[in-house]
Amino acid sequence: MSFAHSPSVDESVDHLFRRHAGRMVSVLTRIFGFEKLDLIEDAVQDALVTALRKWPYTGMPDNPTAWLIQVSKNRVLDHLRANKKFQTTEEDLETVSNAIAADAGEVYFSNEVSEDQLRMIFACCHPVISPDSQVALTLKTVCGFNIPEIARAFLSTDYSIAKLISRAKQRLRLHGVRLGMPLPGELKERLESVLKVLYLMFNEGYTASAGDELIRKDLCFEAIRLCESLAKHPVTMSPEVHALATLFLAQAARFSTRCDNTGELLLLSEQDRSLWDEQMMDRAMQHFRLSASGETLSDYHLEAEIAVCHTFAKNYAATDWHNILECYDALQKRRFSPVVELNRIVVLAEIEGAEKGLIELENFRQNYDLNGSYLLDLTEAHFLSETGAHAQAAESYTKALNITENRSIRRFLEKKINELKASFAS
Amino acid sequence: MPQYLLLLSHEDPTNFSDLSPEEVQKIVEEYKSWRGKIQADGTYVGSNKLRDESGKSLLKPNGQLRITDGPFVEAKEVIGGYFLVSAADYDQAVKIAEGCPHLNYGGRIELREVENVG
């Protein structure tokens with residue numbers, strides 16, 4: 001195996017080890033099949049730990065990626081030779097070597113996911129397992145996260161995530177799921193399931209929640225990376241994939257301004273738009289154009305358009321609320337959701353005023369139940385404070401405060417209450 | 001300039017196996033930056049990792065050679081490897097050693113001055 005032709009590799013490449021793990025597990029699983037997935041994961045982990053124990057003394061090799069490939073491969077081969085159960089022939093072992101070399105030469109040095117990883121994504125997002133398992137398994141096998149990291153991101157326990165993943169693997173084995181791109185006839189349905197997993201992955205990371213901030217951000221970037229890879233691949237590229245990439249990028253461009261420097265949540269109207277990530281905005285716009293290339297209109301198209309309206313408005317006042325309202329109306333017609341309805345009311349109030357918002361909200365309360373979510377009281381408080389009913393607004397913020405445990409949301413609500421109290425004290 | 005030997009030992013050589021790839025990389029990078037620092041300021045002389053095995057122990061009681069497999073001492077600790085650095089005195093050698101990430105992950109460093117011949 002020669003790497004002489006490879007571009008020079010920055011030693012401290014972001015997430016090099018994580019990427020390596022995902023890629024190695026995928027290529028080896030294609031060759032040896034799902035039934036050996038656990039063995040393969042152990043071997044790859046083993047190679048990483050070997051690096052950790054060696055490199056402090058020897059320094060990093062000139063090409064750490066090549067070194068990791070070599071050692072992972074040897075570890076798997078050792079395990080396979082030692083384990084009679086697998087009845088591996090020297091011929092099989094030869095196949096592994098060649099396949100790894102080919103994979104490495106192909107895309108190993110880019111940020112893109114390999115062909116084998118795409119196959120692995122389709123296997124992990126197979127409809128025979130639940131959406132939660134699909135997300136967890138994808139993060140574990142394709143993206144190189146470990147169980148505690150996934151548990152941290154999902155605010156779950158190591159035990160539950162480990163159980164979720166092992167059951168999912170078992171079920172995939174039981175159904176004889178193979179690594180491969182879906183057949184043309186099943187592509188649409190299988191791709192939908194993959195996109196839904198990416199959507200969940202991104203939202204899990206993006207929603208301001210109590211989990212570990214750093215790991216949640218990584219979840220978003222992984223969802224973007226996988227989505228953009230699907231958007232580039234000749235088999236999977238479709239307007240819907242571009243729409244989803246648009247949605248992710250238009251939202252992620254605003255990542256850095258969602259909180260101020262003390263970690264307080266900031267509303268869209270309070271954020272410094274000059275700090276939004278222009279590179280991501282450009283990519284969002286490219287995908288947005290490509291998403292319009294077909295006949296299809298998906299939920300992702302509508303959500304993407306809403307995100308684009310927000311991210312590309314010159315300032316808050318210049319937001320195209322009418323366009324956003326149209327998108328919400330269309331979304332509600334396709335598949336009604338109370339949470340989306342609440343968002344729609346907020347937008348409607350931007351156009352017709354907070355009084356109108358309060359009327360709609362009263363209507364909403366009589367018809368729907370958000371399972372005790374603080375969002376309803378928060379929205380009401382926002383409308384009330386717009387109309388100048390500061391005391392009532394403070395009351396609603398307090399109601400919201402009493403039903404959420406999320407720390408950043410609580411701090412945000414407390415700040416609002418204090419501002420209001422100060423305003424009617426003066 | 002006197003030279004000092006840093007012997008890096010740890011209790012369980014496999015205690016890294018639960019780390020995620022991301023965490024492994026983080027530690028690798030800590031070592032890389034420590035190494036880079038001592039190489040840049042000229043204190044680094046050399047380093048080697050020892051193989052993960054107990055090694056051999058040689059003795060010649062009553063003129064008879066006796067070779068046993070390690071460990072040499074009863075300690076549960078394993079020497080992972082060593083660094084050789086040059087420093088003006090123990091204080092400075094301690095300063096170099098205390099920056100070593102090994103200490104942040106449950107490891108122990110034994111510091112010995114090399115006897116200056118001459």
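Bear in mind these aren't lab numbers, they're just calculated from the coordinates by the rules spelled out. What you see is a predicted model; the values in this text were computed from it and never measured. Glycine gets a Cβ as well: all are built from the backbone with ideal geometry, and neighbour counts include every protein chain shown.
Selection among A:182, A:231, A:144 by position relative to the dipole of the stretch A:109-240 gives A:182 as farthest towards the positive end (Cβ unit charges, Cα centre). Please state the shape class of the stretch A:238-316: rounded when a/c is under 1.5, otherwise prolate if a/b exceeds b/c and oblate if not, all from the C-alpha gyration tensor. It comes out prolate by the Cα gyration axes.
Rounded to the nearest Hz, the phi-derived 3J(HN,Hα) couplings of the stretch A:312-325 under the Karplus curve 6.51 cos²θ - 1.76 cosθ + 1.60 (θ = phi - 60°) are 9, 6, 4, 8, 4, 5, 7, 4, 7, 5, 5, 4, 5, 4, where x marks glycine and proline. Checking the cross-link pairs A:73/B:26; A:169/B:49; A:169/A:217; A:73/B:49 against a 28 Å limit on the alpha carbon distance flags A:169/B:49 as lying beyond it. Exposure proxy ranking for A:310, A:126, based on other Cβ atoms within 10 angstrom of each Cβ and starting from the fewest, stands as A:310, A:126. Shape class for the stretch A:164-266: oblate, because the ratio a/c of the largest to smallest gyration tensor axis (alpha-carbon atoms, square roots of eigenvalues) is 1.5 or more and b/c is at least a/b. Working from Cα positions, state the angle (0 to 90°, nearest 10) between the long axis of helix A:16-32 and the longest principal axis of chain A. Taking the Cα atoms of chain A, the angle to A:16-32 is about 60 degrees. Other residues with beta-carbon under 12 Å from the beta-carbon of residue A:197 carry, at +1 per Lys or Arg and -1 per Asp or Glu, a net charge of -2. Each Cα pair under 8 Å and six or more residues apart adds its separation to the average, and for the stretch B:16-100 the resulting relative contact order is 30 percent. Against the main long axis of the alpha-carbon atoms of chain A, helix A:375-386 sits at an angle near 40°. Return the FRET efficiency for the residue pair residue A:337, residue B:52: r is the Cβ-Cβ distance, R0 is 51 Å, and the value is rounded to the nearest 0.05. My answer for the efficiency is 0.35.
Only the Cβ atoms of Lys and Arg (+1) and of Asp and Glu (-1) were treated as charged; on that basis the dipole of chain A about its Cα centre amounts to roughly 1180 debye. Amide H contacts of residue B:80 (H built 1.01 Å from N, in plane; Pro and chain starts excluded): B:8, B:9, B:10 sit under 5 Å, all sequence-distant by 5 or more or on other chains.
Just to confirm the number: angle between the C-alpha axis of helix A:90-107 and the first principal axis of chain A, 0 to 90 degrees, nearest 10? With both axes taken from Cα atoms, the answer is about 40 degrees.
Around the amide H of residue A:259, modelled in the peptide plane, lie the amide H atoms of A:266, all under 5 Å away and 5 or more residues distant in sequence or on another chain.
In this structure, the amide hydrogen of residue B:57, modeled 1.01 Å from its nitrogen in the peptide plane, lies closer than 5 angstrom to those of B:68, B:69, B:70, counting only residues at least 5 positions away or on a different chain. Length gained on full extension, residue A:351 to residue A:166, computed as 0.36 nm times the residue gap minus the Cα-Cα distance: 61.6 nm.
Would you mind checking the stretch A:235-276 for residues with the amide N under 16 Å from a putative spin-label position 7 Å along Cα→C-beta of residue A:415? Once the point is set 7 Å along Cα→Cβ of residue A:415, A:255-273 turn out to lie under 16 Å by backbone N, inside the stretch A:235-276. Place a point 7 Å from the Cα of residue B:92 along the Cα-to-Cβ direction; which residues of the stretch B:1-34 have their backbone N under 13 Å from it? Under cut-off, by backbone N: B:1-4. For the pair residue A:78 and residue A:282 in one chain, pulling the backbone fully straight at 0.36 nm per residue adds 68.7 nm over the alpha carbon distance. Label sites at residue A:329 and residue A:237, each approximated as a point 7 angstrom past Cα along Cα to Cβ, lie 3.5 nm apart.
Neighbours of residue A:353 by Cβ distance under 14 Å: Lys/Arg scored +1, Asp/Glu scored -1, total -4.
Taking θ as phi - 60° and the Karplus parameters 6.51, -1.76 and 1.60, the scalar couplings of the stretch A:70-77 work out to 4, 5, 4, 4, 4, 4, 5, 4 Hz in sequence order, x denoting glycine and proline.
Using a cutoff of 8 angstrom between alpha carbon atoms and counting only pairs six or more residues apart, the relative contact order for chain A works out to 10 percent. In terms of its C-alpha gyration tensor, the protein assembly as shown comes out prolate, because a/c is 1.5 or above and the ratio a/b outweighs b/c. What net charge is computed for the residues neighbouring residue A:263, neighbours being all others with C-beta under 9 Å from the C-beta of residue A:263, Lys and Arg scored +1, Asp and Glu -1? That works out to -2. Placing pseudo-labels 7 Å out from each Cα toward the beta carbon at residue B:103 and residue B:11 gives an inter-label distance of 1.9 nm.
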